[in-house]
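The next block holds one structure in the form of structure tokens; read it before the comments.
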Amino acid sequence: MASLKELKGRINSVKSTQKITKAKQMVAAAKLRRAQAAAEAARPYATRLADVMASLASKVSGDGAPKLLAGTGNDQRHLLVLVNTDKGLCGGLNANLVKAAKLKAKELLAQGKDVQFYLVGKKGRAPIKRDYADRIEQHFDTSTVRNPGFEEAESIADELIEMFEGGKFDIAHLIFPTFKSALVQEPTINQLIPVPAPETDAAAGSDAVVEYEPGEEEILEELLPRYVKTQVFGALLEIAASEQGASMTAMDNATRNAGDLISKLTIQYNRSRQAAITTELIEIIAGAEAL
């Protein structure tokens, strides 16, 4: 049985941990509002850009379609672009993303496809490396930047496009969390390259005659890379919001668990102290009777 001094030390240690988790919860809650607002503000732009691209892509086909839209004509080599956080203490967010990536890789490998990984963020590297060490094509380090933004998204997209044009893969899938709430962040897998032509009612049912200057091909040549950058930027915003939401929830649970542990240790401490006092009284009474 632990001594009173040991129990007192454990109680003080848990109280110190509880202060840290409470502080981190408050910091995450403050950062969450800004990150959530940024993620939600970017979604309409991405949706509208997809609609514009759908309208243009529906008018371009065959040899006139850019490579980013038409693809390589093959689907053998797949690249999984996994977006993780750089910091921990955010619950099962990274574990769920890695799990989704591994399931996708397992599915593609079962179909006889070649799978490679492109890792964004530090927390996804170790678990992916344990099972697919020889399939990690490259990784992008965002730990040196406090808040990864469009500049980092542009660098990632440019690197992916360069790899695609260099023939290193045929299809790229973007894996990231979609922020729903502080409690829910859903792993999402979208095809990134070649850019899928979105099916929209406006693009399919429009009978209006529109003349483009320059032509559709020239506009798509400029628009398609921007679309890829926008998708990567959106994923970075979603992971930022998801990280703060998951961290806030995890730290709240940790604070509650620390409080429960403090209560149990305090009860144990009081019982041990009472037992020690009772033992001393018995010894005193027994000594007095012996005299």
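The numbers here are math on the coordinates, done by the rules we state, and not lab data. The structure displayed is predicted, hence computed values, not measured ones. Neighbour counts are summed over all protein chains in view; Cβ atoms, including those assigned to glycine, are modelled from backbone coordinates with ideal geometry.
Values as computed for the structure displayed
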| read-out | value |
| --- | --- |
| Rounded to 10°, Cα long-axis angle of helix 4-57 versus longest principal axis of the chain | 10 |
| Loop sites in the range 94-171: trypsin sites (Lys or Arg not before Pro), DSSP, at most 14 other Cβ within 10 Å | Arg146 |
| Distance (nanometres) between label positions extended 7 Å along Cα→Cβ at Leu261 and Asn74 | 5.4 |
| Among Ala105, Ala250, Ala37: highest mean-square fluctuation, GNM of the chain, C-alpha pairs under 10 Å | Ala37 |
| Most mobile listed residue (Leu174, Leu236, Leu183) in the chain, GNM with C-alpha springs under 10 Å | Leu183 |
| DSSP bridge orientation in the chain - percent antiparallel, rounded to nearest 5 | 35 |
| Residue (of Thr278, Leu69, Met163) at the positive-pole extreme of the chain, dipole from beta-carbon charges | Thr278 |
| Test item: Cα-centred dipole of the chain, Lys/Arg +1 and Asp/Glu -1 on Cβ, debye | 2420 |
| Kirkwood-based shape ratio for the range 1-138, expressed as Rg/Rh from alpha carbons | 1.17 |
| Neighbour-count ranking [beta-carbon atoms within 10 angstrom, fewest first] of Tyr45, Tyr118 | Tyr45, Tyr118 |
| Cα-projected label distance for Lys168 with Ser272, points at 7 Å along beta-carbon direction, nm | 5.7 |
| Distance between the range 77-96 and the range 144-182 - C-alpha centres, whole angstrom | 13 |
| Computed FRET value (nearest 0.05) for Arg33 with Arg226, which takes r as the C-beta separation and R₀ as 45 Å | 0.95 |
| Exposed-loop-free span, longest in the chain, where GluC sites (Glu not before Pro) count as exposed if DSSP calls them loop and at most 13 other C-beta atoms lie within 10 Å | 1-198 |
| For Glu186, distant residues with modelled amide H under 5 Å away | Thr178, Lys180 |
| Nearest-ten-degree value, helix 150-165 long axis tilted from longest Cα axis of the chain | 50 |
| For the chain, alpha-carbon Rg over 2.2 N^0.38 Å | 1.47 |
| Prolate/oblate/rounded call for the range 78-172, Cα gyration tensor, a/c under 1.5 rounded | oblate |
